[in-house]
Amino acid sequence: MRVFTAVIAIAVGLMVLLGYFFAGFVGIQTLLLNWAIILAGVASLVGIFNLIAVHTDKIRRAEKGSVYSALLVIALVATFVFGLILQPQHQIMQVILNGIILPVEATLMGLLTITLLYAAIRLLRRRADVMSIFFIITAVLIFLGSATLPTGDVPIVGTLIRPWVSQIWALGGARGILIGVALGTLVTGLRVLFGIDRPYGGK
Amino acid sequence: MQISLDLITGVLSFLFTLLILSYLIGDNPLFRIAIYLFVGITAGYVASVIWWQVLTPRLFSPTIPALFAGSMIERAIIIVPWLGAVFILMKISPRLSKIASITMAFLVGAGAAVIIAGALIGTIIPQVSASINFFDPRLAAARNIDLLEVMGNGAIVLVGVVTTLSYFHFGARPQTNGNPRRFVLIEFFAFIGRIFIGITLGVIFAGVYAAALTAFIERISSLINFFGIF
């Protein structure tokens, strides 16, 4: 089974990869990616089922916080059943989306205002090294440069320093981080294609 | 009396915003209720979206026509994802979960190929090209920018890219006392890289903070507007 799954992963990976570079493989690449989208959808449903199973188990064992788990399961099943019957575009489903999901996401994003500020203060208190000092100085400069006073932009900082720091200095670091992440991703993908890493099971 | 859907949306939005904002006074049961409901509702909503917008058009709808009126190839094309779906459903049972690894291998293989192509075509080549283009005098002339200014800025970006990458180079050799240490030049580049990373994270932090602040103000404004309705 281990060899069989490795052969499947390598063969599928190579055919999809060849589709990016040779026109002759585009048809098979499209077919395989279409299957992958379907299977990823089924896998997501299995994941959601696992969420229900974990919380149902908590309710059955009457663990601490099982009331919250009961709320989660009821809300999940009810929304899914409504979604199956009405479809996601229905007005009632849009009420759920615009009345609960989006406001909660926006409010959680808003709460970041407090937690980020707290984290920045803790960073300076715990680790005052060269990186954190430049981090704080840059953040303060960007805030000052972005602030609009009644008289207009803060002179020099808003018109000269902020654009220079954010568009040139930060660009160098961001590009280095992006290329580093991409190189890491590339190597991880190649390790899977060569069968060195087998996250689907086996050594 | 018919209650409008807009009013229900407004009341729900108001209620959930208040429950989430209650976290400002500390972790409390109201916040937890809101979060657990949010997770449940979002998971249910996502599941219904997957059902109607992924599985129905790509799997359920084409199955009957392909099985009863399609050619052998069309039948095979529709049977394979059904088989994969059945295999992946085996993951629910601990006894049969090994069979699911066939589908997982398929997904991992396809995913690995997509991320390799994405990293190469979508990030490495464009980012390296953009760094090189800073030193192209024709591009500077076409954009009517002073060559010296472009070269100076290009040099800063190039130093930033190289030193940031050096910071993430963890290859080290053992010293005489046994402790691993990086090559001196790499160590120096990594130090400069720390400065560039600090600046970059500072700019990202400021951007995220500004976005979070905007969201916070929008939520407070929605609470005030809700009271304005009455």
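Would you work out the relative contact order for chain B, in percent, from Cα pairs under 8 angstrom that are 6 or more residues apart?
That works out to 11 percent.
Let me know the mean shielding of B:118-128 by other chains, meaning the per-residue number of their Cβ atoms within 10 Å of its Cβ.
5
Is there a quick way to get the dipole size of the protein assembly as shown? I mean about its Cα centre, with the Cβ of Lys and Arg at +1 and of Asp and Glu at -1; what is the value in debye to the nearest 20?
In total the dipole reaches around 1420 debye.
Can you spot the aspartates and glutamates whose alpha carbon is less than 12 Å from B:LYS98's alpha carbon? Ignore those fewer than 8 places along the same chain.
Hits, sequence-local ones excluded: zero.
With just the Cα atoms defining each centre, how far is segment B:24-71 from segment B:167-230? Give it in Å.
Between the Cα centres of segment B:24-71 and segment B:167-230 lies a distance of 33 Å.
Nothing charged except the Cβ atoms of Lys and Arg (+1) and of Asp and Glu (-1): what's the magnitude of the dipole of segment A:1-141 about its Cα centre? Round to the nearest 20 debye.
Dipole magnitude for segment A:1-141 comes out near 520 debye.
Run the simple label-point estimate for B:ARG173 and A:ILE133 please: 7 Å along Cα→C-beta, distance reported in nm.
Those two pseudo-labels are separated by 3.1 nm.
What is the angle, in °, between the Cα long axis of helix A:66-86 and the longest principal axis of the Cα atoms in chain A? Nearest 10 is fine, range 0 to 90.
Helix A:66-86 and the main axis of chain A meet at about 70 degrees.
By the gyration tensor of its Cα atoms, with a ≥ b ≥ c the square roots of the eigenvalues, what is the shape of segment B:134-230: rounded for a/c under 1.5, prolate for a/b over b/c, or oblate?
The shape class here is oblate.
Using Cα pairs closer than 8 Å and at least 6 residues apart in sequence, work out the relative contact order for segment B:157-230, in percent.
Answer for segment B:157-230 is 29 percent.
Does the protein assembly as shown come out rounded, prolate or oblate by the C-alpha gyration tensor, with a ≥ b ≥ c the root eigenvalues, rounded set by a/c under 1.5 and, if not, prolate when a/b is larger than b/c and oblate if not?
It comes out oblate by the Cα gyration axes.
Would you mind counting up the charge near A:PHE4? Only other residues with Cβ under 12 Å from its Cβ, with Lys and Arg at +1 and Asp and Glu at -1.
Result for the neighbourhood of A:PHE4: +3.
Mean separation of Cα pairs under 8 Å and 6+ residues apart, divided by the residue count of segment A:128-203: what relative contact order is that in percent?
Relative contact order here is 17 percent.
Report, to the nearest 10°, how far helix A:2-21 tilts away from the longest principal axis of the Cα atoms in chain A, using its own Cα long axis and a range of 0 to 90°.
Orientation of helix A:2-21: about 60 degrees from the principal axis.
Rank by packing, highest mean first: peptides B:122-134, B:43-55, with packing defined as the count of other Cβ atoms within 10 Å averaged across residues.
B:43-55, B:122-134
Taking R0 as 35 Å, what FRET efficiency do you get between A:TRP164 and B:VAL184 from their Cβ-Cβ distance, rounded to the nearest 0.05?
Efficiency at R0 = 35 Å is approximately 0.65.
Taking +1 at the Cβ of each Lys and Arg and -1 at the Cβ of each Asp and Glu, which of B:SER48, B:SER97, B:GLY26 sits farthest along the dipole of segment B:1-100 towards its positive end, judged by Cα position relative to the Cα centre?
Towards the positive end, the residue furthest out is B:SER97.
Any read-out appearing in this document is the output of simple, stated calculations on the displayed coordinates, not a laboratory observation. Just so we're clear, the structure is a prediction, and the values are computed from it rather than from any experiment. FYI the Cβ positions are ideal-geometry reconstructions off the backbone, even for glycines, and counts take in every protein chain you see.
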